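Reviewing the structure listed below.
The values are calculated or read from the model by the stated rules, or taken from the named source; none is laboratory data. Since the structure is predicted, the reported quantities are computational estimates derived from the model, not experimental observations. Positions of Cβ are generated from backbone atoms using ideal geometry, with glycine treated the same way; all protein chains shown enter the neighbour counts.
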There are 2 protein chains.
Amino acid sequence: MVSSQVVNTYPLSSYTFGTKEPKMEKDTSVADRLARMKVNYMKEGMRTSVEGILLVQEHNHPHILLLQIGNTFCKLPGGRLKPGENEIEGLKRKLTSKLGANSPALVPDWQIGECVAIWWRPNFETIMYPYCPPHITKPKECKKLFLVHLSEREYFAVPKNLKLLAVPLFELYDNVQVWYYSSFPLIMRYGPVISTIPQQLSRFQFKMITN
Amino acid sequence: MVSSQVVNTYPLSSYTFGTKEPKMEKDTSVADRLARMKVNYMKEGMRTSVEGILLVQEHNHPHILLLQIGNTFCKLPGGRLKPGENEIEGLKRKLTSKLGANSPALVPDWQIGECVAIWWRPNFETIMYPYCPPHITKPKECKKLFLVHLSEREYFAVPKNLKLLAVPLFELYDNVQVWYYSSFPLIMRYGPVISTIPQQLSRFQFKMITN
């Protein structure tokens, strides 16, 4: 693991992007997903997931790489650990599965940095909290977000059914707020986990390296 | 500076609270405050402020100590550094000014921990961001939040015009969302800096120590 208050970021243009076979979502609905979580919990106990924050820069401002599914939903690259799997090794495996080329020589040598956030799912529901709520003794999921330090040059292979977006911190931050119309939330494009990444990264100094 | 992923927290009941002479706010309005910032900026350049996150526990959940002014506004203990002053020393000075007893022997031996957030004020306005916005070359203020590791026993002297509150993380987090009524924000009790502390602390493991 790498730990530093200074994070080097390189221009988006210094990275190369290709495509690879689709990585389909295992579930086609939120209900299916929660049902599968429940089955897995019965078999393996609390789910632990790990996700990577990959940073690039454009216009002298940090951007985060997000995978877009369909037209709206965005997620960080990552996924569920196998029972007993080491977090760092598991995150590397998931990053390779989501963004690594099929040829091992082209897969980035993932440098996993600091854990910047931990989220808890108390029940088999979509809502997560940045702490384990009081009185919850058996949380259903623990999700950890790690900084991933990219080298100056990398090749990413993006599954054909997904889009890879570089989203500026200021866009994520502006989406923290949910606007209500007759008590229905109108905008929540990134969700609470992704939209508060700017606050969690604020303590780092981003060194923008230009070519 | 102390750095650890594990933070010991002690019950609120293990601390003793007294009072001391009032510490009046320097400004009586937001407009006055912004005007004073402008004058100071002309003399000394960018304002740097430091604030401390002091944690206690109740009911097995972390609580943050906040100073309440009047009936609504809450702030973290801290304040502005003198020009050239070291951040850690300056925060200790400010914590003593806000919460230390008049008798030096009773003042806590402040253990300043990790920087958990940095906020920027681009203009002489109330709005701050968890990054320096693009194209802003001369930010007007940089505010840093630090964990303060409390010992098992401490004595705090609270200025008579202020109240010291222990606010649970779950209350801060529930206040992230702003509810709108005809486009007027209804609830924003803690403001963006304080209300996202739970997300910034999520990476720490709180070890609740009971007596």
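Points to keep in mind about this one:
- In region B:57-73, the residue that is nearest to the other protein chains (Cβ to nearest Cβ) out of those that are within 15 Å of the chain's Cα centre (by Cα) and farther than 17 Å from residue B:145 by Cβ is B:73.
- Considering (1) touching a Pro at 6+ places or on another chain (Cβ under 7 Å); (2) closer than 27 Å to residue B:134 by Cβ, the lone condition that residue A:15 does not fulfil carries the number (1).
- A single member of B:132, B:142 is farther than 23 Å from residue B:109 by Cβ and part of a loop (DSSP other than H, G, I, E, B), and it is B:132.
- Scanning region A:1-54 for residues that are hydrophobic (A, V, I, L, M, F, W, C), surrounded by 11 or more Cβ atoms within 10 Å (Cβ to Cβ) and part of a helix (DSSP H, G or I) turns up A:12, A:34, A:35, A:37.
- Residues of region B:79-127 classified as under 15 Å from the mean Cα position of the chain (by Cα) and on the phi > 0 side of the Ramachandran plot, total: 1
- Number of the condition not met by residue A:84 [criteria: (1) surrounded by 18 or more Cβ atoms within 10 Å (Cβ to Cβ); (2) within 22 Å of residue B:203 (Cα to Cα)]: (1)
- Within region A:115-129, the residues that satisfy the criterion of being touching a residue at least 24 places away in the same chain (Cβ under 8 Å) and within 8 Å of chain B (Cβ to nearest Cβ) are A:115, A:116, A:117, A:118, A:119.
- Criterion: at pLDDT below 95 and in a strand (DSSP E or B) - qualifying residue of B:114, B:125: B:114
- Looking across region B:67-81, just one residue is crowded, with 22+ Cβ neighbours inside 10 Å and part of a strand (DSSP E or B), and that is B:78.
- Residues of region A:98-111 classified as of a type outside the set (Gly, Ala, Ser), surrounded by fewer than 19 Cβ atoms within 10 Å (Cβ to Cβ) and in a helix (DSSP H, G or I), total: 2
- For the condition more than 14 Å from every other protein chain (Cβ to nearest Cβ) and free of Cβ contacts under 8 Å to residues at least 60 places away in the same chain, residue A:52 does not qualify.
- Test: residue in region A:65-78 that is modelled with pLDDT of 95 or more and at positive phi: yes
- Here region B:15-53 is the region considered, the condition is being at pLDDT below 95 and among the hydroxyl-bearing types (Ser, Thr, Tyr), and the residue that is nearest to residue B:127 (Cα to Cα) is B:29.
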